[in-house]
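Since the structure comes first, as structure tokens, the remarks are kept for the end.
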Amino acid sequence: MQKAYKLHGVNRHYDWGGFDFIPSLMKIDNAEHKPFAEYWMGAHASAPALIETNNGIGQLDKLVDANPSLFLGNKTANEFGTLPYLFKILDVAKMLSIQVHPSKKSAEIGFEIEEKAGIAINAPNRNYKDKNHKPEVMVALSDFWLLHGFLAPELLEARLQEYFYFHPLLDHFRGVDYQGLYRFFMQLSSADADIILKPLMMDAVASVKSGEVDKSHPHWWANKYYNGVVPENSIDKGIFSIYILNIVNVKKYQGVFQGAGLLHAYLEGQNIELMANSDNVLRGGLTPKHIDIDELIKHVQFIPTYPNVLNGEELNSMETIYPCPVPDFGLSKIGLNEGESYTINSKSLEMLLVIEGAVLIDNNLYKSGEVAMVSPLEQVVIVGQSDSILFKSFVP
């Protein structure tokens, strides 16, 4: 049996993606100038990776289904029945939607309700694509910006006091009522929301144009979303979330974990992302996609968030782990100098993504952008052919 297999992921060409980062990483010619938003490495049914085996190329999901113990290991196979994580590379050029992910129990209930209602799995108004939760950890590959949970109460109170157009909302927050504030605003008619959002957008555009604000200020992102133009009407209500959520800047190789119920959005930059094997997203604006506010509100945790940026914990001089408080996945970074070797003893199906440099893995060469899938319970040696950085996904 092979110890390691070359894995080929699937590119996703969403319109918010960049044009250069992923093609450059993977040495792909993007002559058609397509947006390369995400690169999926996993067994999700909508975009399964391909695996090079001694018997030819096969789909990861089908290989796992045919022999779960062989490809997953008995522990993972017994606990999950399939590969429990989905590994990704993202290039966020345009802001992503304000969103929240459901808990596993909520996803199971929501999926069954939509199945019984006869809503097609690919219907634009479908909320639940599968029965799984979607906690996720991200590690920045560049200077990265995101929205991450509600501001602390004193900061949110000050934000509402700061601008006259927010003053009518103070009575709905009352210093503590996150749900009351959010529900009230998101259920306003478009015309009533515009009374607040139009002067806000005028302020945002003027502030950016004059150089008064930078990326740490919500005006910067409101202005970016509308490309410096104030809409006449029907302003996206997701703009309000930019002002009531934490704006977090994550430096290269720092990380952030995001669990169920946390309202968030990626704003700009490149990262890797590791999540439970799910595509369940409930959206709250900054998107032309389906928005179901009532369903969204059921799943949001209406509490303040105090951002915890992860620097990682050193396992040894070469490997750093990013703590993930879930059983579905784990993530670490491996750094090698040219000529150095590092041995891993896999406990599950593990993926080794080369981000910088080139390495030998089980005596096969892997360059930046390439991925080795390591079988469970194998000892594999990684040898740096140059100074190299890899990320390892695994099941704890």
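Against the longest alpha carbon principal axis of the chain, how many degrees, from 0 to 90 and to the nearest 10, is the axis of helix 190-210 turned?
The helix 190-210 is inclined about 70 degrees to the chain.
When ranked by the protection proxy of mean other Cβ atoms within 10 Å per residue, highest first, what sequence do the peptides 31-40, 192-201 form?
Details: 31-40: 16.8, 192-201: 18.5.
Top to bottom by mean Cβ count within 10 Å: 192-201, 31-40.
Angle between the Cα long axis of helix 104-116 and the longest principal axis of the chain, 0 to 90 degrees, nearest 10?
Rounded to the nearest ten degrees, it is 80.
Per the Debye formula with a single identical scatterer at each Cα and no solvent contribution, what log10 I(q)/I(0) holds for the stretch 1-138 at q = 0.09, 0.15 Å⁻¹?
Summing over Cα pairs of the stretch 1-138 leads to -0.35, -0.96.
Count charges around L72 for me, please; just the other residues with Cβ under 14 Å from its Cβ, Lys/Arg as +1, Asp/Glu as -1.
Details: positive: K62, K75, K347; negative: D61, D65, E79, D328, E350, E378.
Within the 14 Å Cβ shell, the charges total -3.
Over all directions, the average projected area of the alpha-carbon convex hull for the chain comes to how many nm²?
Values: hull surface 82.3 nm².
Averaged projected hull area, Cα only: 20.6 nm².
Taking +1 at the Cβ of each Lys and Arg and -1 at the Cβ of each Asp and Glu, which of P35, F173, Q187 sits farthest along the dipole of the chain towards its positive end, judged by Cα position relative to the Cα centre?
Q187
At q = 0.17, 0.18, 0.24 Å⁻¹, what is the base-10 log of I(q)/I(0) for the stretch 313-394 according to the Debye formula with one equal point scatterer per Cα and no solvent? Please give it to two decimals.
So the normalised log intensities are -0.61, -0.68, -1.21.
Two decimals is fine: what is log10 I(q)/I(0) at q = 0.10, 0.17, 0.19 Å⁻¹ for the stretch 185-315, from a Debye sum with one equal scatterer on every Cα and no solvent?
-0.39, -1.06, -1.26
Any chance you could run the full-extension gain for L365 through K116? It's 0.36 nm times the residue separation minus the Cα-Cα distance, nm to one decimal. Intermediate values should be presented prior to the final figure.
On the way: separation 249, 0.36 × 249 = 89.64 nm, distance 4.89 nm.
Fully extending the segment from L365 to K116 adds 84.7 nm.
P(r) of the stretch 156-238 in 5 Å steps, Cα pairs, percent per bin?
Values per bin, smallest distances first: 3, 15, 24, 24, 20, 11, 3.
Ignoring everything except DSSP H segments at least 4 long, calculate the 222 nm mean residue ellipticity for the chain; use -39,500 (n - 2.57) per segment, divide by total residues, nearest 500.
Result for the chain: -7000 deg cm²/dmol, rounded to the nearest 500.
With the Cα gyration tensor of the stretch 1-80 in hand, convert its eigenvalues to equivalent ellipsoid semi-axes via √(5λ) and list them largest first in whole Å.
Numbers: eigenvalues 174, 41, 18 Å².
So the equivalent ellipsoid measures 29, 14, 10 Å along its semi-axes.
Take the Cα of N30, step 7 Å along the line toward its Cβ, and report every residue of the stretch 94-111 whose backbone nitrogen sits under 13 Å from that point.
From the stretch 94-111, the list is 94.
Report the charge-dipole magnitude of the chain in Debye, nearest 20, computed about the Cα centre from +1 at each Lys and Arg Cβ and -1 at each Asp and Glu Cβ.
Details: 33 positive and 47 negative charges, 81 e Å.
Roughly 380 debye, rounded to the nearest 20.
Regarding the stretch 243-396, what's the average projected area of the Cα-atom convex hull, expressed in nm²? Write out the running numbers ahead of the final one.
Working: hull surface 42.1 nm².
About 10.5 nm², averaged over all directions.
Rule-based calculations on the coordinates, nothing more; no lab input. Keep in mind that this is a model prediction, so the values were computed, not measured. Positions of Cβ are backbone-derived with ideal geometry, glycine not excepted, and every protein chain shown enters the neighbour counts.
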